[in-house]
1. Among L9, L109, rank each residue by its count of other Cβ atoms within 10 Å, from fewest to most, as a rough exposure measure.
2. Report, to two decimal places, the Cα Rg of the chain normalised by 2.2 N^0.38 Å (N = number of residues).
3. I need the phi-derived Karplus couplings for region 59-64: 6.51 cos²θ - 1.76 cosθ + 1.60, θ = phi - 60°, integer Hz, Gly and Pro marked x.
4. Suppose every K and R has +1 on its Cβ and every D and E has -1 on its Cβ; what is the size of the dipole of region 51-164 about the Cα centre, in Debye to the nearest 20?
5. Just to confirm a number: summing +1 for Lys and Arg and -1 for Asp and Glu over residues other than A70 whose beta-carbon lies under 12 angstrom from that of A70, what do you get?
6. Return the calculated 222 nm mean residue ellipticity for the chain, to the nearest 500 deg cm²/dmol, obtained by summing -39500 (n - 2.57) across DSSP H runs with n ≥ 4 and dividing by the residue count.
7. Let me know the charge dipole size of region 5-69 about its Cα centre in debye, to the nearest 20, where only the beta-carbon of Lys, Arg (+1) and Asp, Glu (-1) is charged.
8. Between the helical axis of 22-35 and the dominant principal axis of the chain, each derived from Cα atoms, what acute angle in degrees is found, rounded to the nearest 10?
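Values in this text are rule-based calculations from the coordinates and carry no lab data. Predicted, not measured: the structure shown is a model, and the values here were computed from it. Here the Cβ is made from the backbone with ideal geometry for all residues, glycine too, and neighbour counts use every protein chain on show.
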Amino acid sequence: MVLSEAERLTLESWAKRRSTAQGLAQRARIVLACARGWNNTMVAARLDTERKTVARWRTRFLRDRLEGLADEPRPGVPRTITDAQVEEVVVRTLEETPAGGTHWSKRELAKVVGISPASVLRIWHAFGLQPWRTETFKISPDPFLIDKVRDVVGLYLVPPANAVVFAVDEKPQIVCHER
């Protein structure tokens, strides 16, 4: 098997580079070993693989050259979610909030984007998003928040005589104050 200088350099970089997919790196090593004049049995023994694997990649390289070493499309159902939909899910999660809420739920966002809730969840996992968690302080969307704060602060500044005050906060970040 004869390699051009450009093919040899490309194959050597694929075989050595850490960021190359391991399958492609193995194929590059197979072709480089075959170019040294080794037979399929010798290459398979040296690279700890099957002889038929060596024969497959040698044949593909001879037929299609470097393009023959790339992965072919795999069988199965093609993707139904577009890159634009993935981007929309990520952007809306990070930059918007739904009307009347503090963060998106997977069902709300799925309705808006037009994909399934399971797909929204897979996208969130892929990008490490957790919209229900926050690392910053949130202001309550309660329209009566200022009145409630004044009432509570007033109880501390000017407490009424013989009064008992109970405050219950059932959920974090939600003001639960009964007058």
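1. Ordered by Cβ neighbours within 10 Å, fewest first: L9, L109.
2. The value comes to 1.96.
3. Whole-Hz 3J(HN,Hα) from phi for region 59-64: 5, 4, 5, 5, 7, 10.
4. The calculation lands at about 1100 debye.
5. Around A70, the charge tally is -1.
6. -16000 deg cm²/dmol
7. Value, rounded to 20: 120 debye.
8. 10
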